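Q: Below are the structure tokens for one structure; questions will follow.
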Amino acid sequence: MSNALTIDIGNTRSKYAVFEGENIVRRGVFDPLYDDLSNLLLKYPGINRGIISSVGGKVDYCLAQLRGIETIVLTSDTPLPFKVQPAARGQIGSDRLAVVAEAYALKPHQNSLIIDVGTCITYDILTCDDEQLCGPISPGIKLRFKAMHEHTSLLPLLDPSNMEPKLLCENTKECLQSGVTFGVVSEIKEFINAYSNIFNDLNVFISGGDNIFLENKLKNCIFANSNFLFNGLRYILEYNENQQVK
């Protein structure tokens, strides 16, 4: 596969990764409204294909800057190496499709649970029959802190931390950190147990920008690196190239 540009437009920020083959040679954050992606094409003239995942809109702004390359806008109608649940077509976020694709690339034809911990926490199942099944969506770690701050008079706005949560807290900060951490960890554990009772030999992937706050708090999980979604986008792009060759 030739060099490629992968773009992820999320709810809170937009990111890109430049691939040379299967290796990322550059990553960055950008603003689709003000940053000119065409400069990337000048710096990496080998790029001739791109793919965009967006849950935050602004796709047209990116496409206008990438007129020199063939670009896929990822949707549930895009050819994928797995089947999308019929009821979810047109509704499932493209970011969820990308992480499921990477789970497929790593553990094909196996039962996998993909938990993406970002602005929201999403749960997706990839069955051993290569079918994607949608699970629940719940508030993410930062969103929980923000909600408690914005909907109370005195609670401060905190950022997530790797502190060990306490059942007996000494101050408001510890109370908030422990409440969110225990809440998220307990939620995820319960979902893992519930899905494990349905699907045999279940692989569990924890991905997303905030998964680092859960390491050492969840056992028997595969903690994905920060390139997980980008690798999934590259895999989908490669899959589509192969389909065209056929």
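Q: Given the conditions (1) in a helix (DSSP H, G or I); (2) loosely packed, with under 14 Cβ neighbours inside 10 Å; (3) modelled with pLDDT under 95, and given that E241 satisfies all but one, which numbered condition is not satisfied?
A: In the conditions (1) in a helix (DSSP H, G or I); (2) loosely packed, with under 14 Cβ neighbours inside 10 Å; (3) modelled with pLDDT under 95, E241 misses (2) alone.
Q: Of the numbered conditions (1) out of contact with any strand residue (DSSP E or B) (no Cβ under 6 Å at 6 or more places or on another chain); (2) under 30 Å from Q177 (Cβ atoms), L113 satisfies every one except a single condition; which is it?
A: It fails just one condition, (1).
Q: While we're on this one: Kindly indicate which of M148, M163 is part of a loop (DSSP other than H, G, I, E, B) and not hydroxyl-bearing (S, T, Y). So that I can check it myself, show each step before the final result.
A: Working: M148 fails: part of a loop (DSSP other than H, G, I, E, B).
Sole residue among the options that is part of a loop (DSSP other than H, G, I, E, B) and not hydroxyl-bearing (S, T, Y): M163.
Q: Here's another thing I want to ask about it. If a residue has to be out of contact with any strand residue (DSSP E or B) (no Cβ under 9 Å at 6 or more places or on another chain) and touching a residue at least 24 places away in the same chain (Cβ under 8 Å) to count, how many in region 19-35 make the cut? Quick ask: steps written out before the conclusion?
A: Kept after step one, since they are out of contact with any strand residue (DSSP E or B) (no Cβ under 9 Å at 6 or more places or on another chain), are these residues of region 19-35: 22-23, 33-34.
Next, from what is left, pick out any that are touching a residue at least 24 places away in the same chain (Cβ under 8 Å): 22, 33.
The qualifying residues number 2.
Q: Answer yes or no as to whether S94 is closer than 28 Å to I212 by Cβ, hydroxyl-bearing (S, T, Y) and touching a residue at least 60 places away in the same chain (Cβ under 8 Å).
A: Working: closer than 28 Å to I212 by Cβ: yes; hydroxyl-bearing (S, T, Y): yes; touching a residue at least 60 places away in the same chain (Cβ under 8 Å): no.
Taking the combined requirement at face value, the residue does not satisfy it.
Q: Does any residue of region 156-178 turn out to be buried (at least 19 other Cβ atoms within 10 Å of the Cβ), modelled with pLDDT of 95 or more and touching an Asp or Glu at 6+ places or on another chain (Cβ under 8 Å)?
A: Checked against the condition, which is being buried (at least 19 other Cβ atoms within 10 Å of the Cβ), modelled with pLDDT of 95 or more and touching an Asp or Glu at 6+ places or on another chain (Cβ under 8 Å), region 156-178 yields no hits at all.
Q: From D95, D8, grab the single residue that is under 18 Å from the mean Cα position of the chain (by Cα) and not in a helix (DSSP H, G or I). It would help to see each step written out before you state the result.
A: On the way: D95 fails: not in a helix (DSSP H, G or I).
Matching residue, one of D95, D8: D8.
Q: Looking at region 131-148, is at least one residue crowded, with 17+ Cβ neighbours inside 10 Å, β-branched (V, I, T) and within 21 Å of N200 (Cα to Cα)?
A: No, region 131-148 contains no residue that is crowded, with 17+ Cβ neighbours inside 10 Å, β-branched (V, I, T) and within 21 Å of N200 (Cα to Cα).
Q: Within region 185-206, take every residue that is in contact with a Ser or Thr (Cβ under 9 Å, 6 or more places away or on another chain) and assigned to a strand (DSSP E or B) and give me the one that is surrounded by the most Cβ atoms within 10 Å (Cβ to Cβ).
A: F205
Q: Just for region 1-47: of the residues that are out of contact with any Pro (no Cβ under 8 Å at 6 or more places or on another chain) and of a type in the set (G, A, S), which one is nearest to D95 (Cα to Cα)?
A: Taking region 1-47 and keeping what is out of contact with any Pro (no Cβ under 8 Å at 6 or more places or on another chain), we get 1-8, 10-13, 15-47.
Now narrow it down to the ones that are of a type in the set (G, A, S): 2, 4, 10, 17, 21, 28, 38, 46.
Numbers: S2: 23, A4: 18, G10: 8, A17: 15, G21: 21, G28: 17, S38: 23, G46: 25 Å.
Going through the qualifying residues, I end up with G10.
The values are calculated or read from the model by the stated rules, or taken from the named source; none is laboratory data. This structure is a prediction, so every number in the text was calculated from the model and none was measured. Note that we place each Cβ from the backbone using ideal geometry, even for glycine, and neighbour counts take in every protein chain shown.
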